[in-house]
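Notes to accompany the following structure.
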Amino acid sequence: MSKETILMVDDEAEIVKLMEIYFRNEGYSLIHASNGMEALEQLRSQSVDLIILDVMMPHMDGIEACMKIREEHHIPIIMLSAKTQDIDKIAGLSIGADEYVTKPFSPLVLVASVKSHLRRYRKLSTFHAKDDDEIVIDDLVINVSTHTVTVDQQEIKLTPREFAILHLLAINRGIVLSMDKIYEVVWNEPFMESKNTVMVHIRKLREKIEKDPQNPKFIKTVWGIGYKMESY
């Protein structure tokens, strides 16, 4: 089995060198870019399985880079930043990042996070079920095997987390799922007061698949409980 490749985009060389040791010890291949523009060039020339993206960088920062990457790629993105305010974390998640890690961070924790994201992405990318490859809900079509979503025959670009949430709601359509249940299944870890995280992802998902996000057709809020996907 070939090594999975991680692209670390950070202008702090010491952090990159340190993480290269940790990732190499875990069997991953690490490539490096020092800003967003270099990261986009790397993605054009080679295959990458996950991106670790710093926010504060010269030439093109992580926010702009993340938005451009999301135009073409669905791979997991973990954002790094010294900013710790909730509004900064929400901004990072809103533009398509799958996780927001604040600096300084523990290398072991970052490695564990990378493993979790790759494991989940690998599972979603390789899952094939003859009867459930395609889920059709009115004009919303979710193809599990190709990891694609269309609404009214228009392809919608989702992050791995957004796809996982949509798929979870779709296979349980008509059933109300609490925010803690969504978090535990999609993030694959115990729920730890992460309602804002789930809400941000649901909001972004609605903005992408709903014609009127303020009056959603597919993903309904059940106040005080959670969310459900309507059946049509």
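Throughout, read-outs are computed from the coordinates displayed, never taken from laboratory work. Every value quoted in this text rests on a predicted model; they were computed, and no experiment measured them. All Cβ positions, glycine included, derive from the backbone under ideal geometry; neighbour counts span all protein chains shown.
Worth a mention:
- The chain - share of DSSP beta bridges that are antiparallel (%, nearest 5): 50
- Remark: the range 27-33, residue by residue, has Karplus-estimated 3J(HN,Hα) of x, 9, 9, 10, 10, 10, 9 Hz, where x stands for each Gly or Pro and the curve is 6.51 cos²θ - 1.76 cosθ + 1.60 at θ = phi - 60°.
- Magnitude of the charge dipole, the range 5-126, Cβ model with Lys/Arg +1 and Asp/Glu -1, debye to 20: 580
- Computed from Cα atoms, the angle from the helix 195-209 axis to the main principal axis of the chain rounds to 70 degrees.
- Between helix 13-25 and the chain there is an angle of about 70 degrees, using the helix long axis and the longest principal axis of the Cα atoms.
- Amide H within-cut-off set for LEU30, under 5 Å, with H built and near neighbours excluded: ILE6
- Of the cross-linked pairs LYS204/LYS228; LYS157/LYS208; LYS68/LYS103; LYS3/LYS115; LYS115/LYS228; LYS68/LYS217, those separated by over 18 Å at the C-alpha level are LYS68/LYS103; LYS115/LYS228; LYS68/LYS217.
- Rounded tilt (10° steps) of 36-45 against the dominant C-alpha axis of the chain: 80
- Each of ASP54, ASP133, ASP180 was scored by other Cβ atoms within 10 Å of its Cβ. Arranged with the fewest first, they read ASP133, ASP180, ASP54.
- Per-residue ³J(HN,Hα) for the range 111-116, Karplus 6.51 cos²θ - 1.76 cosθ + 1.60, θ = phi - 60°, Hz, x for Gly and Pro: 4, 4, 5, 4, 4, 4
- P(r), alpha carbons of the chain - 10 Å bins starting at zero, rounded %: 7, 32, 36, 19, 5, 0
- In nm, spacing of pseudo-spin labels at GLU41 and ARG119 (7 Å Cα→C-beta vector): 3.6
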